[in-house]
Amino acid sequence: MHRRHFLSSAVSIALAAGLWPRRGLSGMPERQDAVAARLQALEADVGGRLGVYVVDTQSGAGYGYRPDERFLMLSSFKLLASALVLHRVDAGLDSLARRISYGREDLVPWSPVTGRHAGGEGMTLAGLCEAAVTTSDNTAANLILASYGGPAALTAYLRQLGDTVTRLDRNEPTLNDKHPHEPFDTTSPRAMVGSMRKLVLGEALSAASRERLQQWLLGNTTGGRRLKAGLPADWRIGDKTGTAGMDANDVGVVWPPGRAPLLVAAYLADSPAEGAAREAAIADVGRLLRDIAR
């Protein structure tokens, strides 16, 4: 039996035996320790470094493992970049209907949507945001950043939100490469969850913009084998993935039926496992959410 299957089975047996710590303030430290232990076992199974942070907005509890360590954002920054656009629209500084023209020379690898419109009328900001979030289109993200002066504009917006950790320094595709000396293009699981909470569920954006961002995230097409794969079929998830080399991540909001949502950021770095195994590890984080929500 593969070790991951063994671990999952062992956890299921423990839960069935009533060993999952009880809910309530008196049992919360035990629940948090149990979550951390399961994540540590998952990290040992897949190899590399796993960072996870989860907030249950119903109880207010946070659960994590390596929650404050830095990880490359990879494409998960596109959620934040699209929120920057919506923020500027809310402030009357931009319009989702604004059209950006570009040529084939502006295309970078993985441009499934923007590649079809290069050299023509271009795309609207709304179309670029949707492409960046739902298909992870790299050129779309670069065009969004360029229209506001580059990656530093996103970092500045995050500082306005109160996020003192997350930073974007480079464009696609170089932002996927670890810088030898600087923490370029990184976040922490806790910081990402905090920013997502303000943007996707909180009051940082107008109600209309918040709804639009949620719909883009719910329309994501790249996360089917990650967090979503570990969730029950009737749970909704709006997420943004990232992938490069030995790294994989998935961040987003999960709406179980009949209860308040959970926010989650899962970052896996330097894992020697195959790509499918890295995705399966992120899916195991999704399975853990089922127990947190009990």
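Just a few scattered comments:
- Restricting the first member to the range 101-125 and to residues that are in contact (Cβ under 8 Å) with a residue 24 or more places away in the chain and closer than 11 Å to L143 by Cα, and the second to residues that are in a loop (DSSP other than H, G, I, E, B) and basic (K, R), the beta-carbon pairs closer than 8 Å and six or more apart or on different chains are T124/R98; L125/R98.
- The residue pairs whose first member lies in the range 221-250 and is in contact (Cβ under 8 Å) with a residue 40 or more places away in the chain, whose second member is in a strand (DSSP E or B) and among the basic types (K, R), and whose beta carbons are closer than 9 Å, counting only pairs six or more residues apart or on different chains, are T222/K240; N249/K240; D250/K240.
- Qualifying residue in the range 184-201 (condition: in a loop (DSSP other than H, G, I, E, B), closer than 29 Å to D284 by Cβ and of a type in the set (V, I, T)): no
- Residue check, Y53 in contact with a helix residue (DSSP H, G or I) (Cβ under 9 Å, 6 or more places away or on another chain), under 30 Å from P257 (Cβ atoms), surrounded by 17 or more Cβ atoms within 10 Å (Cβ to Cβ) and modelled with pLDDT of 95 or more: yes
- Take the conditions (1) closer than 28 Å to P109 by Cα; (2) surrounded by 15 or more Cβ atoms within 10 Å (Cβ to Cβ); G149 misses just one of them, which is (2).
- Of the residues making up the range 55-98, just one is of a type in the set (A, V, I, L, M, F, W, C), within 25 Å of P180 (Cβ to Cβ) and part of a loop (DSSP other than H, G, I, E, B), namely M73.
- Filter result (touching a residue at least 40 places away in the same chain (Cβ under 8 Å) and within 18 Å of the chain's Cα centre (by Cα)) within the range 254-270: P261, L262, L263, V264, A265, A266, Y267, L268, A269, D270
Residues are listed down the side, and each one gets a yes or a no for (1) in contact with a helix residue (DSSP H, G or I) (Cβ under 7 Å, 6 or more places away or on another chain); (2) closer than 21 Å to K198 by Cα:
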position	(1), (2)
L218	no, yes
G223	no, no
R226	yes, no
K240	yes, yes
M246	no, no
P261	yes, yes
A265	yes, yes
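- Search result, residues across the range 154-201 that are in contact with a strand residue (DSSP E or B) (Cβ under 7 Å, 6 or more places away or on another chain) and among the acidic types (D, E): D185
- Any hit, the range 214-229, residues being over 16 Å from the mean Cα position of the chain (by Cα), over 20 Å from P112 (Cβ atoms) and at pLDDT 95 or above: no
- When L268, L288 are checked against the criterion of being modelled with pLDDT of 95 or more, under 19 Å from G64 (Cα atoms) and assigned to a helix (DSSP H, G or I), a single residue qualifies: L288.
- The one condition in (1) in a loop (DSSP other than H, G, I, E, B); (2) closer than 21 Å to P261 by Cβ; (3) at pLDDT 95 or above that R23 fails to fulfil: (3)
- Lone qualifier among L143, L86 - being over 20 Å from R210 (Cα atoms) and crowded, with 17+ Cβ neighbours inside 10 Å: L143
- Test: A229 is over 21 Å from L128 (Cα atoms) and assigned to a helix (DSSP H, G or I): yes
- Qualifying residue in the range 180-188 (condition: touching a helix residue (DSSP H, G or I) at 6+ places or on another chain (Cβ under 7 Å), over 17 Å from W255 (Cβ atoms), crowded, with 16+ Cβ neighbours inside 10 Å and modelled with pLDDT of 95 or more): yes
The values are calculated or read from the model by the stated rules, or taken from the named source; none is laboratory data. Note that the structure is predicted; figures quoted are calculated from it, not measured. Positions of Cβ are backbone-derived with ideal geometry, glycine not excepted, and every protein chain shown enters the neighbour counts.
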